[in-house]
Amino acid sequence: MIALKLTDVKTFMHQLLCSETFDNFLLSEATIIKDAAYKIDGHMNRDFYSLEELEELQLTDTKILPYSMLRSTCFDLIRGKHTPVCFKFILMLSPENMQQTLSRSDSGLSPTEVNGILLNITFQNGQLCLTTGISYSSFVPDKTLDTEWDIMLQKFLHKHGISFEEL
């Protein structure tokens, strides 16, 4: 796990809320505190969709909605004259991207051993930070996958011109 401080908040927020940069992630949860506290639970309500819609939207294999489907809602909640007091987004890799990450790492772990590969985005006291994390289904002493995810995230940020410093 690493913690990174983003050094260009405006650029990052534009990429997070107004571009497709993070659209391949799933949004597990978002909390935005302004004049009131708003909480988004990204776990999908399957009863809302028909089977055809689930297939068309490629949602048959996931329990959590893609960030792309909730990005505009998050943008609407954050925009305005006043900066939010704080917010937190919990993004995670899609099942496909998690499988690719597991394949690239030398961890030897299978998808059944990993509940999620996470990216936490927090804004508090004027500081915007990212932290990485992995939720395992049981104790895993080897941290190879953690290290691989940390490196991959830093490469992702560099690729998208997002500047940061380690905390």
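Computed from the coordinates by the stated procedures, all read-outs in this text should not be read as laboratory data. Given the structure is predicted, the values throughout are model-derived calculations rather than measurements. Note that each Cβ is placed from the backbone with ideal geometry, even for glycine, and that neighbours are counted across all protein chains shown.
Using the alpha carbons of the range 1-46, what is the convex hull volume per residue in cubic angstrom, as a whole number? Spell out each step's value before the answer.
Numbers: hull volume 6.6 nm³, N = 46.
Given the Cα convex hull of the range 1-46, per-residue volume reads 143 Å³.
At 0.36 nm per residue, and after removing the present C-alpha to C-alpha distance, how many nm does the segment from E53 to R104 gain when stretched out fully?
Numbers: separation 51, 0.36 × 51 = 18.36 nm, distance 3.20 nm.
Gain on extension, E53 to R104, equals 15.2 nm.
Got the relative contact order for the chain handy, in percent, Cα pairs under 8 Å and 6 or more residues apart? Intermediate results must be reported in sequence, preceding the final value.
Numbers: 261 pairs, mean separation 53.8, N = 167.
So the answer I get is 32 percent.
Out of the GluC sites (Glu not before Pro) in the range 108-166, which ones are loop residues according to DSSP with at most 12 other C-beta atoms within 10 Å?
Numbers: sites: E113, E148, E165, E166; in loops: none.
The qualifying sites: there are none.
Any idea how many Lys pairs in the chain come in under 16 angstrom at the alpha carbon, given 8 or more places apart or on separate chains? List each step's numbers first, then the result.
Values: K5/K88; K5/K155; K10/K81; K34/K81; K34/K88; K39/K88.
For the chain, qualifying lysine pairs total 6.
Between L167 and S68, what is the label-to-label distance in nm when each label sits 7 Å out along the Cα-to-Cβ direction?
3.0 nm
Relative to the compact-globule scaling 2.2 N^0.38 Å, provide the ratio for the alpha-carbon radius of gyration of the chain. Display every interim value, and only then the final one.
Details: Rg = 16.3 Å, N = 167, 2.2 N^0.38 = 15.4 Å.
Rg over 2.2 N^0.38 Å, computed on Cα atoms: 1.06.
Hand me the trypsin sites (Lys or Arg not before Pro) from the range 48-125 located in a DSSP loop with no more than 16 other Cβ atoms within 10 Å, in residue order please.
Working: sites: K63, R71, R79, K81, K88, R104; in loops: K63, R79, K81.
Answer by residue number: K63, R79, K81.
Sticking with the crude label model, points 7 Å out along Cα→Cβ, report the distance from D41 to D142 in nm, one decimal please.
3.6 nm
Whole Å is fine, so just give me how far the alpha carbon centre of the range 9-66 lies from that of the range 103-132.
Between the Cα centre of the range 9-66 and that of the range 103-132, the gap is 16 Å.
Determine, for I2, I117, I32, the number of other Cβ atoms within 10 Å of each Cβ, and report the residues in order from fewest to most.
Numbers: I2 17, I117 24, I32 20.
Least to most surrounded, the residues fall as I2, I32, I117.
May I ask which residue of L93, I117, I162 lies farthest towards the positive end of the charge dipole of the chain, with charges of +1 (Lys, Arg) and -1 (Asp, Glu) on Cβ and the Cα centre as origin?
Positive-end residue among those listed: I162.
Using DSSP to call loops (not H, G, I, E or B), can you name the chymotrypsin sites (Phe, Trp or Tyr not before Pro) in the range 75-150 whose Cβ has at most 11 other Cβ atoms within 10 angstrom? Mind dumping the intermediate values first?
On the way: sites: F75, F87, F89, F123, Y136, F139, W149; in loops: F139.
Of the chymotrypsin sites (Phe, Trp or Tyr not before Pro), the ones in loops of the range 75-150 whose Cβ has at most 11 other Cβ atoms within 10 Å are F139.
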